[in-house]
Amino acid sequence: MSNIPTDADARRAIPPVVCYPVETLPKRDLALYQRARATAKKVGEVIAPPRDAASFTARAGQFVRISAPSGPQVGDLNLWNANDLTERFYSGKTRALHGTHVTTGESLWSTFPNLRPMVTITADTLDWYGIDEFGGSVHDVIGTRCDPYTGHLLSGSHYHHCCHSNLTRALANHLGCSTQEAEPHVHDVLNVFMCTGFTRDTGQYFMKSSPVRESDYFEFFAEIDILGALSACPGGDCSTSHSSDAAQCFPLLIEVFEPEEGTLKGWEPPEPNAYDGSHGR
């Protein structure tokens with residue numbers, strides 16, 4: 001017996017309402033950032049090896065560039081306030097504010113109670129990709145990160161070089177602590193260079209071959225002091241599989257740039273969210 005109502009088409013035709021209009025968000029001065037970046041000097045770099053992760057730091061006012069210098073590779077990015085690990089990247093709120101995928105001019109937001117821009121994306125050489133015919137786009141904040149728990153649930157495996165474990169090791173190495181102590185700080189990621197979407201028929205999360213090439217990069221401006229960890233995903237360009245050693249993988253390069261003195265005149269790090277915190281009590 002069909003339970004389709006007679007007004008089904010009318011119900012489906014109701015137009016959507018954007019949940020969080022962003023017109024009133026604080027505007028980041030991209031023109032100022034770009035002028036400062038033009039003369040910035042490279043002050044550091046680190047390599048995330050294939051199927052592994054690396055940590056890095058950047059002070060407020062510095063720029064960070066991520067690239068795939070040796071071949072197509074996606075990366076899973078975690079960010080923390082370098083001075084307070086309880087403030088970290090909030091992928092869900094970033095997604096709610098900016099959409100499923102992020103690009104130039106958009107920020108990566110931090111967790112409650114701070115809810116402020118941690119970094120602002122200042123350059124993205126894949127911004128031309130847009131949304132393809134399958135609904136796929138690049139740099140997503142919808143995937144959680146490949147992890148050994150889901151791998152064991154689905155296949156019974158004990159694979160240790162998935163992004164969750166890679167990020168856990170990188171953070172533990174940076175903090176000089178055990179993986180058990182570091183793991184609770186690892187969180188949902190920005191999937192840099194990863195091309196993803198949801199299938200139109202079943203609504204399932206999908207991945208497809210990343211369009212990233214050796215000349216491409218993704219760059220952001222540190223709005224606060226940040227600690228980052230980047231995993232070079234075992235899925236490589238994510239055209240076939242992940243959570244295994246099957247895919248061809250390449251390193252990811254992380255570079256940090258320091259603007260010349262005076263080029264950020266007028267810029268100030270964003271303050272924590274001004275909500276009074278009373279929650280009605």
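The values are calculated or read from the model by the stated rules, or taken from the named source; none is laboratory data. Not measured: the values here are computed from a predicted model. Because the Cβ atoms are built from the backbone with ideal geometry, glycine has one as well, and the counts that use them run over all protein chains shown. Only protein heavy atoms, including side chains, enter the accessible area calculation; ligands, DNA and RNA are left aside. Shrake-Rupley method; radii C 1.70, N 1.55, O 1.52, S 1.80 Å.
Work out the length of the dipole vector of the range 151-224 about its Cα centre, built from +1 on the beta-carbon of each Lys and Arg and -1 on the beta-carbon of each Asp and Glu, and round it to the nearest 20 debye.
Values: 4 positive and 8 negative charges, 57 e Å.
I would put it at about 280 debye.
Rounded to two decimals, what is the ratio between the C-alpha radius of gyration of the chain and 2.2 N^0.38 Å? Walk me through the numbers on the way to the answer.
Values: Rg = 19.8 Å, N = 281, 2.2 N^0.38 = 18.7 Å.
Ratio of Cα Rg to 2.2 N^0.38 Å: 1.05.
Please list the three semi-axes, largest first and in whole Å, of the ellipsoid equivalent to the range 20-63, using sqrt of 5 times the eigenvalues of its alpha carbon gyration tensor.
Details: eigenvalues 158, 69, 15 Å².
Its equivalent ellipsoid spans semi-axes of 28, 19, 9 Å.
For the charge dipole of the range 9-144, defined by +1 on Lys and Arg C-beta atoms and -1 on Asp and Glu C-beta atoms about the Cα centroid, which residue among Val138, Ala31, Ala54 has the Cα displaced farthest towards the positive pole?
Ala31
If we count every other residue with Cβ under 14 angstrom of Pro234's Cβ, Lys/Arg +1 and Asp/Glu -1, where does the sum land?
-2
GNM on the chain, C-alpha springs below 10 Å: top fluctuator among Arg51, Arg35, Arg200?
Taking springs between Cα atoms under 10 Å, the residue moving most is Arg200.
Within the accessible area of the chain, what % is carbon and sulfur when the probe is 1.4 Å and the other protein chains stay in place?
Numbers: 7690 of 14310 Å².
Within the chain, the accessible surface is 54 percent carbon and sulfur.
How much net charge surrounds Ala36 when only other residues with a Cβ under 15 Å from its Cβ are counted (Lys, Arg +1; Asp, Glu -1)? Could you put the intermediate results ahead of the total?
On the way: positive: Arg28, Arg35, Arg37, Lys41, Lys42, Arg59, Arg65, Lys265; negative: Asp29, Glu219, Glu223, Glu258, Glu260, Glu261, Glu268.
Taking every Cβ under 15 Å from that of Ala36, the sum is +1.
Would you check the accessible area of Lys42, probe 1.4 Å, heavy atoms only, in square angstrom rounded to 10?
It works out to around 100 Å².
Find how many whole Å separate the alpha carbon centroid of the range 1-55 from the alpha carbon centroid of the range 206-258.
Centre-to-centre distance over Cα atoms comes out at 17 Å.
Around Trp109, under 9 Å between beta carbons, what's the net of Lys plus Arg minus Asp minus Glu among the other residues? Walk me through the numbers on the way to the answer.
Numbers: positive: Lys93, Arg116; negative: none.
Local net charge: +2.
I need to check one value: relative contact order of the chain, counting alpha carbon pairs closer than 8 Å and at least 6 residues apart, in percent. Intermediate results must be reported in sequence, preceding the final value.
Values: 637 pairs, mean separation 99.1, N = 281.
Rounded, it is 35 percent for the chain.
Say the dipole of the chain comes from +1 at the beta carbon of Lys and Arg and -1 at that of Asp and Glu; which of Gln248, Ile14, Gln180 then lies farthest toward its positive end?
Ile14
How many angstrom separate the Cα center of the range 103-137 from the Cα center of the range 263-281?
The range 103-137 and the range 263-281 have Cα centres separated by 21 Å.
Say the cut-off is 20 Å between C-alpha atoms; which of Lys93/Lys265; Lys93/Lys208; Lys41/Lys265 go over it? Present the calculation step by step, with values, prior to reporting the outcome.
On the way: Lys93/Lys265 29 Å; Lys93/Lys208 24 Å; Lys41/Lys265 17 Å.
Violating the 20 Å limit, Cα to Cα: Lys93/Lys265; Lys93/Lys208.
Measuring with a 1.4 Å probe in the full set of protein chains, what accessible area per residue, in whole Å², belongs to the chain? Please list the in-between numbers first.
Values: 14310 Å² over 281 residues.
Value returned for the chain: 51 Å² of accessible area per residue.
Modelled label-to-label distance, Glu268 and Tyr149, 7 Å Cα→beta-carbon offset: nm?
With each label placed 7 Å out from Cα toward Cβ, I get 4.0 nm.
Under a point-charge model restricted to the Cβ atoms of Lys and Arg (+1) and Asp and Glu (-1), what is the dipole moment magnitude of the chain relative to its Cα centre, in debye to the nearest 20? Provide the component values of the computation, followed by the final result.
On the way: 22 positive and 34 negative charges, 32 e Å.
So the magnitude is around 160 debye.
Cα gyration tensor of the range 173-213, axes a ≥ b ≥ c as square roots of the eigenvalues: rounded (a/c below 1.5), prolate (a/b > b/c) or oblate? Working shown, then result.
Values: a/c = 5.18, a/b = 2.09, b/c = 2.48.
Cα axes put the range 173-213 in the oblate bin.
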